[in-house]
Amino acid sequence: MVEKRKKRLHGRIGYLRFALFMFMYIIYAFIFLIISVIVYALMLILLRLAGFHNINDLLNTAVLLFSIGIVLFIGMRWESSRKRYIAKAVTDTEYIRFQDYNLIHYTDIVDDQEILDFRNTGKIHLFANGSQESNYSMRGTDRKEKYVWFHVSDAPSSMEPEFNSFWFSHSGESTPRDFKVIVSFNALPRENLLIRAVDGAIMHRGDYVGPAVLEQRFEWYNQKLYLLSCLNVPFSEFFSLFVNAYQQGKGKINDRILRNKRS
């Protein structure tokens, strides 16, 4: 079963938050262009020092585009080297630290039969889903796997997600998902766990079938705008847009190739 998610961006709060995010990205785009223009001016100086005194429009445009490209390339390489978006295996330290924590998964897909089974057994079946496009945080063969994504709780034994992790994934969604599933971290086999640095999300490789708490009424943090969180977008996220778009593009191509092979 593949989880069909609701629209990622909807509702007044969602659109207002999105507008504030875009405001920050526009500011960073201007900063990026200013840096590019500085590089462009320096390159023109170097060309003149090298004897190119008559710079025509074609060369001028080429230098400008090269300056933009080199700044973007350096920014993307710098952001990629930080590996914030790359999922990796949970370390010994992380595994010990999360022992008393819960993991929270939000979903729209829990059918009536699953609810009945849960009431009878106390166990839930969460179906792993994903494509190489959506698994842009993975590298190598991990990208071909399917995962169930979780937020780590904000404190030991807490039933609420760490806010920054929740915000990273759901800030544009005004309408809650239908179900909140809470699973003990200890219920998941360590060899199936990965973690992503940028938001602390935990990924479980394959379906999860086991004990859980299932809630249909829960906090969705959609009563406030959270202005400071909307504006707290670091400059590095500007380059992350391009890095992630590149990785998602590669994944989309691979998904299409696999679909064509199957057909």
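The values are calculated or read from the model by the stated rules, or taken from the named source; none is laboratory data. Just so it is clear, the model here is predicted, and its values are computed rather than measured. Cβ placement follows ideal geometry from the backbone for every residue including glycine, while neighbour counts extend to all protein chains displayed. Surface areas here come from the heavy atoms of the whole protein model, side chains and all, with no ligands, DNA or RNA. Shrake-Rupley method; radii C 1.70, N 1.55, O 1.52, S 1.80 Å.
For the reader, a short list of remarks on this structure follows.
- Gyration tensor verdict on the chain (Cα atoms; rounded if a/c is under 1.5, prolate if a/b is larger than b/c, oblate otherwise): prolate
- Using a probe of 1.4 angstrom and keeping all protein chains present, the accessible surface of the chain works out to 57 square angstrom per residue.
- Its Cα centre serving as origin, region 30-90 has a Cβ charge dipole (Lys and Arg +1, Asp and Glu -1) of approximately 440 debye.
- Taking Cα atoms only, the orientation of helix 236-262 departs from the longest principal axis of the chain by about 70 degrees.
- Signed unit charges on C-beta, dipole axis of the chain, positive-most listed residue GLY206, ILE104, TYR226: GLY206
- Selection from MET24, PHE185, LEU58, by position along the positive dipole direction of the chain (Cβ): LEU58
- Using alpha-carbon coordinates, inclination of helix 112-121 to the longest axis of the chain, degrees: 60
- Distance (nanometres) between label positions extended 7 Å along Cα→Cβ at ASN232 and ALA50: 4.5
- Computed over all pairs of different Cα atoms, the Kirkwood value for the hydrodynamic radius of region 35-161 is 20.0 Å.
- Length gained on full extension, LEU64 to LEU258: 65.9 nm, using 0.36 nm per residue less the C-alpha separation.
- In the chain, the DSSP beta bridges split such that about 95 percent are antiparallel, to the nearest 5.
- For the chain, a simple Cβ point-charge model (Lys and Arg +1, Asp and Glu -1, everything else neutral) yields a dipole of about 840 debye relative to the Cα centre.
- For region 127-263, a/c is not less than 1.5, where a ≥ b ≥ c are the root eigenvalues of the C-alpha gyration tensor, and a/b does not top b/c. That puts it in the oblate class.
- GLU191 - accessible surface, heavy atoms, 1.4 Å probe, Å² rounded to 10: 140
- Potential lengthening of the chain between MET159 and ILE34 amounts to 40.4 nm, from the contour at 0.36 nm per residue minus the alpha-carbon distance.
- Think of each Lys and Arg Cβ as +1 and each Asp and Glu Cβ as -1; about the Cα centre, that makes the dipole of region 133-263 roughly 800 debye.
- Rg to Rh, two decimals, where region 106-157 supplies the alpha carbon set and Rh follows Kirkwood: 1.08
- Potential lengthening between ARG217 and PHE242 on full extension [0.36 nm per residue; Cα-Cα distance subtracted]: 5.3 nm
- Where only C-alpha atoms are counted, convex hull volume of region 95-206 per residue in Å³: 118
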